[in-house]
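Each value in this text was obtained by applying a stated rule to the coordinates, not by laboratory testing. Nothing here was measured: the structure is a model prediction, and the numbers come from that model. All Cβ positions, glycine included, derive from the backbone under ideal geometry; neighbour counts span all protein chains shown.
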Amino acid sequence: MQRCAASSRWLNERISLSRYSHVPLSNFELDWLIHTADVFFARALRDQQQILWVSDNGIPDLGGDNEEETCYSDEVWLDDATSCAPAFLVLKQLIQRCLTDAVSSGNIFADAMLQHLYRWLCSPQSKLHDPALYRMLQGDAKGVCTTAV
């Protein structure tokens, strides 16, 4: 009896999530937080006419050869800021929209996504995982902490 009650509650939550994210109910992956963050970020990137880099192995496919990238690792670090700056701005806008949804309308899904933002950015399971974007966000966070101190 408890399982029936729990499954009804779970289904109602998934229906609400589906309505909020505009993702069909049957398309959610097991980790709905990472999946939904990927969907929102992909839509935001597309709306800003940015290139999507979807990857199943946690390494973004940026059009090069992985062996080639290790030869030029110094150049990759220098190019992080320029290569992912547009995506970083899109990410900031997405975070602001989620924050607005969580605060103004009390949306529990937006709140959960904000709570798991760091996990999504670090996760190789994210289809839009980009280490350069993570490093850029980390650099901004260090700058804010340094300014505060």
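Just a few scattered comments:
- Neighbour-count ranking [beta-carbon atoms within 10 angstrom, fewest first] of 129, 22, 116, 35: 22, 116, 35, 129
- Using the Cβ of residue 120 as centre and a radius below 10 Å, the other residues enclosed give a net charge of -1, where K and R count +1 and D and E count -1.
- 3J(HN,Hα) along region 112-117: 5, 5, 5, 5, 9, 4 Hz, from the Karplus curve 6.51 cos²θ - 1.76 cosθ + 1.60 with θ = phi - 60°, whole Hz, x for Gly and Pro.
- Pairwise label distance in nanometres, residue 8 with residue 92, each label 7 Å out on the Cα-Cβ vector: 4.8 nm
- For residue 29, net neighbour charge (Lys/Arg +1, Asp/Glu -1) across residues whose Cβ lies under 10 Å away: -1
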